[in-house]
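Remarks on the structure that follows.
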Amino acid sequence: MNNLGDLSTLLVWAAATAFTVALIAYAVDLARLADNAQRRAADVPVPVAVGADGAPDDRVDVPVVAESAVLGSAAQVAPGRSARAEGIARSTTYLGLALLFAGIVLRGFAAGHWPTSNMYEFALVGTFVAVLVLAIVQRRRVIAFLGVVVMSIAVLLLVLALNVFFVQAEALRPALQNYWLVIHVGVAITATGVFTVAFAAAVLQLLRDARETGRTRLGSPWRRADGLRRTFSGLAVTGRHFTWLEQVPDARRLEALSFRLNAVGFVLWTLTLIGGAIWAEHAWGRYWGWDPKEVGTFVAWVVYAAYLHARTTRGWSGRRAAYFVMVGYAVVIANFTIVNLVVTGKHSYAF
Amino acid sequence: MRTYRPEGLDDTFSNPDAPAGEPTTNTPGDPQTPVRLPSIGLRGWLRWSWRQLTSMRVALLLLMLLAVAAVPGTVFPQRAQDVARVATYLTEHPTTGPWLDRLGFFDVYSSVWFSAIYLMLFVSLVGCIVPRTRVHLAALRGRPPRTPRRFGRFPAQAEASTDASPEQVVESARRVLRRGPRLLPWMASYRVDVHDEGGGWSVSAERGYLRETGNLVFHLALVGLLVSIAAGQMLHYRGQAIVVQGRGMANAVLEYDTFEQGTAFRPESLTPFTLRLDSFDARFDPESLEPRDFTAHVTVTDPGEQPQDATIKVNHPLGVDGAKIYLQGNGYAPELTVHDAAGEVAFAGAVPFLPQDGVYTSRGVVKVPDVSGDQEQVGLVGYLLPTAVQLGENLWRSSNPQPQDPLLVLSVWSGNLGLDTGVPQNVYQLDESRMEQAVDEDGAPVTLYLRPGETVELPDGLGTVTFDGLPRYVALDLRHDPALTWVLVFALLAFAGLAASLFAPRRRVWVRAVPGAGPAGEQGRTVITAAGLARGDDVGLQPELDRVLAATLVDVEETT
Ligand code: HEM
């Protein structure tokens with residue numbers, strides 16, 4: 001039993017390594033993009049160019065008029081991507097996914113139950129889902145920035161899981177022996193993974209939006225701190241370090257991507273909330289008790305509901321709606337980390 | 001400010017001929033819509049406030065407020081969960097504590113401000129949803145909008161040509177659009193109208209009323225959820241009782257150690273069944289000593305019926321007459337007999353000890369008030385160690401939660417237990433204010449060690465105490481909430497509505513067929529153009545349009 005557990009840990013380390021390589025490859029791709037974009041800045045004013053170069057799967061025949069706000073079917077190809085880096089990124093992403101999947105399955109066998117009962121297992125499965133969603137979103141076209149953000153989170157989480165959250169695989173306490181463990185916790189983890197990619201897309205959307213509109217805090221005078229501003233002016237979103245932003249899909253598409261993922265995440269989160277209440281009713285004799293974990297889940301749910309409303313409220317859609325995604329994701333992560341580790345409540349034993 | 005999505009498309013959707021961006025939906029209180037100042041007078045003002053309250057921006061604000069207001073409940077201890085921690089907090093923060101208390105920070109979820117926020121939100125919700133429901137019901141009976149003259153602006157477009165006549169093409173398109181999904185062919189997917197445009201023909205089709213229906217169902221289900229939760233709060237009851245192995249209890253308010261009820265609860269609604277704990281199984285991991293399984297075997301007797309055997313496990317409550325009985329805790333209740341100085345039985349019974357750790361080191365108090373004559377009352381305080389291991393002189397600990405070698409370690413107090421002072425006492429606590437602890441000649445406290453079956457003398461000639469046996473006990477939690485089913489039903493309705501409202505595509509499709517003119521080669525052929533529009537971003541719109549067009553061509557082939 002313990003041998004299986006050890007093998008699982010080994011596989012998780014291997015997956016973390018593969019993801020690190022993927023992270024580096026995405027970063028190289030991103031840097032190359034930035035580099036090339038800078039050089040070509042003059043002749044690529046609008047990021048629409050059909051089949052300029054690149055892999056054969058990029059030659060999608062889409063009439064320009066029918067261009068929908070859909071990513072992946074996009075008729076645009078970023079010039080100056082590094083095909084080698086993208087190939088490495090893609091294959092190490094798949095390799096890491098396979099390793100992680102094997103690690104999770106072995107872990108489940110070692111413990112004799114579905115592997116979602118403590119923070120360590122939660123982190124593994126959450127990372128797996130996030131990277132899986134990333135792979136699906138990028139199945140046709142690599143979005144290097146998305147890869148960098150999601151992979152950073154994935155590597156961080158895996159290393160944290162292995163070093164901080166790790167516990168030996170073992171059988172369950174009576175309160176956790178329930179198929180709701182599979183449904184409730186499994187769905188919560190999946191939702192977290194989906195929210196992660198949606199969050200990355202929203203960050204990219206904000207950057208891209210700032211560049212499109214020429215908004216930057218570093219551009220406007222700061223009066224007293226003007227020296228500071230000048231020091232950091234190279235980092236302005238409108239500056240040359242961010243030229244690569246012109247190669248990513250436009251803010252509208254990123255918003256659409258983020259929304260679609262958030263919508264899926266939100267529905268899953270709603271299921272988490274309902275499943276948790278049903279389970280609490282079975283295990284603790286009340287469906288809702290304002291336990292810190294329950295509050296955290298509720299707050300995240302309300303923030304994402306507010307996000308959905310913001311999107312359809314005049315004056316709040318677009319850039320402002322993306323801020324809600326930041327807040328919502330922050331609450332989801334805080335609910336996983338702070339509430340488990342710092343606050344005492346009924347869910348603490350899950351740690 | 002600059003916005004991309006979704007207004008442009010949505011407004012076009014509501015009215016495809018209106019210029020994009022022009023507000024066609026009624027959204028008062030938006031920055032762009034000039035807020036007409038209300039005509040003076042209370043009614044105008046009230047109407048204006050109502051419009052504000054039911055606007056999307058206020059809903060947004062209230063949602064954010066709700067999220068923020070829920071947070072203090074995790075930061076400060078809450079009375080509903082842990083009264084003791086609130087008391088500790090109050091003594092540790094003598095200045096800020098009382099203020100926080102007055103502002104409701106220890107009862108956040110029943111505080112005035114929290115309630116005000118969610119009640120306002122629900123008022124806003126009703127005010128927002130009811131008019132929308134009316135509009136939607138009317139729309140359900142409506143027809144698809146007429147085919148627009150030009151297709152140039154639409155996000156999805158397609159073209160083809162054929163030898164069939166425009167009328168045949170349009171008939172085929174109608175059939176294709178009316179056909180349901182491949183797996184559910186009887187479900188008509190589009191609502192279709194055919195138009196003779198004089199010279200050409202067109203069809204306009206619309207689908208996806210489910211989207212708005214889902215949205216409305218979702219919001220209305222939230223209202224239902226709130227109402228059923230409130231009803232449950234008023235009608236519910238909940239009692240906690242400790243039952244020792246071999247004994248029983250009846251379902252009556254007085255039989256419970258604690259009993260809590262809603263405002264509309266009536267004691268008659270308790271069915272007077274009785275319950276007996278026959279045995280209790282506890283399994284632990286032999287190495288880590290973590291609990292693995294708890295099972296209580298009970299006999300339940302409904303009035304006038306045969307006794308029935310049942311089990312209660314963690315996660316598997318027992319349902320009895322609409323109520324549910326949960327296994328909430330367990331422990332040991334040493335069975336003790338105390339003879340007083342006169343040799344009379346002053347106390348006999350099982351005393352529940354509260355487990356303090358994973359190996360069931362349990363703490364308990366035995367109060368012996370009924371001593372004969374004018375002897376002093378006796379209190380025994382101490383620990384039960386299920387598997388005692390001696391670490392040093394007077395130093396013991398338990399090494400296993402199972403009763404492999406039980407040992408009772410007690411200290412002895414005598415005096416007045418204070419049970420007749422009228423102040424309610426905690427049964428697990430000895431009020432030592434009027435009592436004195438027994439000490440030996442050296443002044444060290446006397447400690448008694450007892451194993452099952454043993455009898456030892458109490459010091460100072462107070463009598464004897466016998467450790468008769470070690471039954472287990474369970475802490476049961478009985479709960480009845482008649483609204484539970486409704487809470488679940490509305491939660492699931494909300495979920496289904498949400499999924500429909502987020503994932504059901506809302507699409508319009510137009511197909512127009514006109515006799516070809518102009519470029520050579522199209523002479524005599526029929527030119528087909530098609531356009532599609534969707535609400536929100538719709539990945540499937542263009543593929544669907546392409547599919548419709550291809551299927552139409554196939555259909556035309558087959559029928560001509
Ligand atoms: C208890 C509070 C509320 C919650 C939890 C809530 C939740 C939601 C959610 C999750 C959605 C997304 C569904 C979708 O996009 O189709 C939504 C949409 C919507 N909500 Fe609410 N809502 C609440 C209150 C309100 C109120 C007070 C209003 C009216 C001012 C309102 C009006 C709407 C509208 C119009 C939509 C559709 C947006 C669209 O066109 O996509 N909601 N709501």
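Look at residue B:496 and say whether it is surrounded by fewer than 17 Cβ atoms within 10 Å (Cβ to Cβ) and either within 14 Å of chain A (Cβ to nearest Cβ) or over 30 Å from residue B:147 (Cα atoms) (or both). Working first, answer last.
On the way: surrounded by fewer than 17 Cβ atoms within 10 Å (Cβ to Cβ): yes; either within 14 Å of chain A (Cβ to nearest Cβ) or over 30 Å from residue B:147 (Cα atoms) (or both): yes.
Considered against the rule, which asks whether it is surrounded by fewer than 17 Cβ atoms within 10 Å (Cβ to Cβ) and either within 14 Å of chain A (Cβ to nearest Cβ) or over 30 Å from residue B:147 (Cα atoms) (or both), residue B:496 comes out as yes.
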List the pairs whose first member sits in segment B:444-462 and is touching a residue at least 12 places away in the same chain (Cβ under 8 Å), whose second member is of a type in the set (D, E, K, R), and whose Cβ atoms are under 8 Å apart, counting only residues at least 6 apart or on separate chains? B:446/B:440; B:451/B:405; B:452/B:468; B:453/B:468; B:459/B:440; B:462/B:340; B:462/B:376
Flagged in segment B:287-308 as touching a strand residue (DSSP E or B) at 6+ places or on another chain (Cβ under 8 Å) and either over 28 Å from residue B:268 (Cβ atoms) or within 14 Å of chain A (Cβ to nearest Cβ) (or both), in numbering order, are B:290, B:291, B:292, B:293, B:294, B:295, B:296, B:297
Hits in segment B:41-77 (condition: within 15 Å of the ligand (Cβ to nearest atom), surrounded by fewer than 17 Cβ atoms within 10 Å (Cβ to Cβ) and at pLDDT below 85): B:49, B:50, B:52
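Of all the residues that make up segment B:472-493, how many are of a type in the set (Ser, Thr, Tyr) and open to solvent by 10 Å² or more (accessible area, probe 1.4 Å)? If you could, list the steps in order and put the result at the bottom.
Taking segment B:472-493 as the starting set, the residues that turn out to be of a type in the set (Ser, Thr, Tyr) are B:473, B:485.
Of the ones still in play, those that are also open to solvent by 10 Å² or more (accessible area, probe 1.4 Å) are B:485.
So the count comes out to 1.
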Identify, by number, the condition in (1) of a type outside the set (Gly, Ala, Ser); (2) touching a residue at least 40 places away in the same chain (Cβ under 8 Å); (3) not assigned by TED's automatic domain parsing to the domain that holds residue B:298 that residue B:237 doesn't meet. (3)
Quick check on segment A:306-316: of everything there that is small (Gly, Ala, Ser) and crowded, with 23+ Cβ neighbours inside 10 Å, which residue is nearest to the ligand (Cβ to nearest atom)? A:306
Taking segment B:342-399 and keeping residues outside any strand (DSSP E or B), free of Cβ contacts under 8 Å to residues at least 40 places away in the same chain, out of contact with any Leu (no Cβ under 7 Å at 6 or more places or on another chain) and hydroxyl-bearing (Ser, Thr, Tyr) leaves B:372
Quick check on residue A:252: is it of a type in the set (D, E, K, R), in a loop (DSSP other than H, G, I, E, B), away from the ligand (no atom under 16 Å from the Cβ) and modelled with pLDDT under 90? no
Before we move on, is residue B:108 more than 16 Å from the ligand (Cβ to nearest atom), open to solvent by less than 50 Å² (accessible area, probe 1.4 Å) and either of a type in the set (Gly, Ala, Ser) or on the phi < 0 side of the Ramachandran plot (or both)? yes
Going by the structure shown, is residue B:126 within 16 Å of the ligand (Cβ to nearest atom) and open to solvent by 40 Å² or more (accessible area, probe 1.4 Å)? yes
Here is a check on your reading of the model: is residue B:80 modelled with pLDDT under 85, assigned to a loop (DSSP other than H, G, I, E, B) and either in the same structural domain as residue B:120 (by TED's automatic domain parsing) or buried (at least 19 other Cβ atoms within 10 Å of the Cβ) (or both)? yes
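Under the condition of being part of a loop (DSSP other than H, G, I, E, B) and open to solvent by 30 Å² or more (accessible area, probe 1.4 Å), which residue from segment B:315-341 is farthest from the other protein chains (Cβ to nearest Cβ)?
At the first step, the residues of segment B:315-341 found to be part of a loop (DSSP other than H, G, I, E, B) are B:315, B:317, B:321-322, B:333-334, B:341.
From the residues that got through so far, the ones that are open to solvent by 30 Å² or more (accessible area, probe 1.4 Å) too are B:317, B:321-322, B:341.
Details: B:317: 7, B:321: 16, B:322: 14, B:341: 46 Å.
Filtering first and then ranking leaves B:341.
The values are calculated or read from the model by the stated rules, or taken from the named source; none is laboratory data. This one's a predicted model, so the numbers in the text were calculated from it and none came from an experiment. Glycine gets a Cβ as well: all are built from the backbone with ideal geometry, and neighbour counts include every protein chain shown. Areas reflect the complete protein model, heavy atoms only, side chains present, ligands, DNA and RNA absent. Shrake-Rupley method; radii C 1.70, N 1.55, O 1.52, S 1.80 Å.
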